[in-house]
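Single-structure report; data block below.
We did not get these values from a lab; they are worked out from the coordinates using the rules stated. Note that the structure is a prediction, hence the values are computed from the model and not measured. Note that we place each Cβ from the backbone using ideal geometry, even for glycine, and neighbour counts take in every protein chain shown.
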Amino acid sequence: MSALMTLGPNIVDPGAIPLSYDHDAYVSYSDSDADWAQSELIKRLEETGLTVIHKAEFLIGVSSDIARGNAVEKSRHIIVVLTEEWCKDRTETFDAMMASTADPDAASGRLLPLWLRDCELPPRFQKITKCDFRNITYRREALARLLRQLGRSQQTINEVVAVSVRKGIWAIVELARTPAVREAVQGADETFKMASEQIQVLSNYKRLHEHFHRIEGSYKLLQKVKKMVLAEEDTWDELDLTARDLATEVESGLAFARNGAFPADEILWSAKLDRAKQDLLKATGQQKLDQLNQAAGRIYEVLGRVPTRLNSEMVQVAKRLHLGRLADRLRAARDTLGAFEFDDEARSRVEAFVRGTDALSKLDQNLHTYISNHNCLQEIDDLLRVFDATPRPSFDEIANAWMDLQATMSALRLENGSDWVPQLRSVSDQLSKALQAAADPSPAQMKEVQILFRDYRDKVNLGFARVDHDLLTFCGQLQKVGDAINGALKKMQHE
């Protein structure tokens, strides 16, 4: 007996909804929207590892109503693509009715309306929160929101893509055991070798940049605690602990920098940072605030130079890495395989190779989005660094800096789940309007600009922390791809 019990015509017992599902989502769309739904929505969902069913996959010869009922029953979520054509089609709206009956109060979020074009909505959708795809400019953001609802964070998506790449790489290794296939992919080994090496270099630079990010966090905390020491006596113990935490972060960064991953001429700054760390600990032990300030100031000088340089190196490595070039090389080899006859096992490997090649292109796009946003925020952070010693900058100081900041802001990209970008742009727009409206600012206008500028700096810090974390995680996923490439290269060279 079906787990979805029918109580009457088109009525479903909510208590009979299964606890497990065969599909992550069932997508309901009108025939007129089939091309968009399959190529722009369903394909994107499946690329993240979600299992999706839709009417183009219904079994031939099965009643449409039964097929739709089964799809609703066996899917964790039901996505309906809302357009005028869908709303007028009684066959399509049957899907929503089934889903609504199974979740009458819309409490479990099984029914996910996707509003593709303006139309008069049926009553059941008017009070349900919709994923708004009507404005094409914000569709990437809307898709990211939908994916989060479906349990797919950007990190999860990247991992799925990376796994697909790794499977594709090992598939071509297995296929290359056949002499004819080996000849087709001949010459790819040099491209493999270069990609593997550059992935390792990129990962090293990003990990070192992350060490500096943590050092800067400890430095800023030290500055806050130091103000307490100046305001009150008998608080040196807390300052001592905070300074030692900073020294520990510095030592950790130095240990990574000196582990052999970087040429000696790239880490000349390490000697200065090491001396500043030792002087910091000495000043802390002797409770000498002036010497502590001097040592912390020298650490700050290194913080002002090295992360920017590391960021520039990451940008250059990403350009040299060019996973898209590797994907093109493999795609060319892939195209030659169509002339060969394969058994079922080999054919499944060819399919894995095809998916892996496509995923590699996606990985390349993601890398350049992360690097682009990291580069923009590094530049913004450099421009804002002048205000670290100016808690209340003047109107003119903010207005002058804003001309450079605005130009860099425009280059931020929304892809890869960058949901912090709209928040940063929102306060940026408010600040722009406030600056334009106050050519000769009153005290109230000056205060508003200062508050908005402080809010903007906070949003930049949050965005930078998010990008740092996301790029570091992505580099870890990319490193696994590099390991697979390196392993595949060794295997192909010894066979």
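General observations
- Contour minus Cα-Cα distance for E301 and K272 (0.36 nm per residue): 9.5 nm
- Equivalent ellipsoid semi-axes, the chain, via Cα gyration tensor eigenvalues times 5, rooted, Å: 49, 35, 20
- FRET efficiency, 1/(1 + (r/R0)^6) with R0 41 Å, evaluated for Q316 and A439 via beta carbons: 0.45
- Between E46 and F58, the contour length at 0.36 nm per residue exceeds the Cα-Cα span by 2.6 nm.
- Relative exposure of Y26, Y456, Y21, judged by other C-beta atoms within 10 Å (fewest first): Y21, Y456, Y26
- Applying 1/(1 + (r/R0)^6) with R0 = 35 Å to the Cβ-Cβ distance of S252 and K491 gives a FRET efficiency near 0.45.
- Each 5 Å bin from zero up to the one holding the largest Cα-Cα distance in region 394-461 carries the following percent of pairs: 3, 17, 29, 24, 14, 8, 4, 1, 0.
- In the chain, the calculated helix contribution to ellipticity at 222 nm averages -23000 deg cm²/dmol per residue, counting -39,500 (n - 2.57) for every DSSP H run with n ≥ 4.
- Separation of region 342-419 and region 255-272, taken as the distance between their Cα centroids, equals 27 angstrom.
- Cα-based reach from K272 at 17 Å (exclusive), listing aspartates and glutamates while leaving out same-chain residues under 8 positions away: E216, E249, E251, E301
- Where labels lie 7 Å past Cα in the beta-carbon direction, separation of M194 and K288 in nm: 5.5
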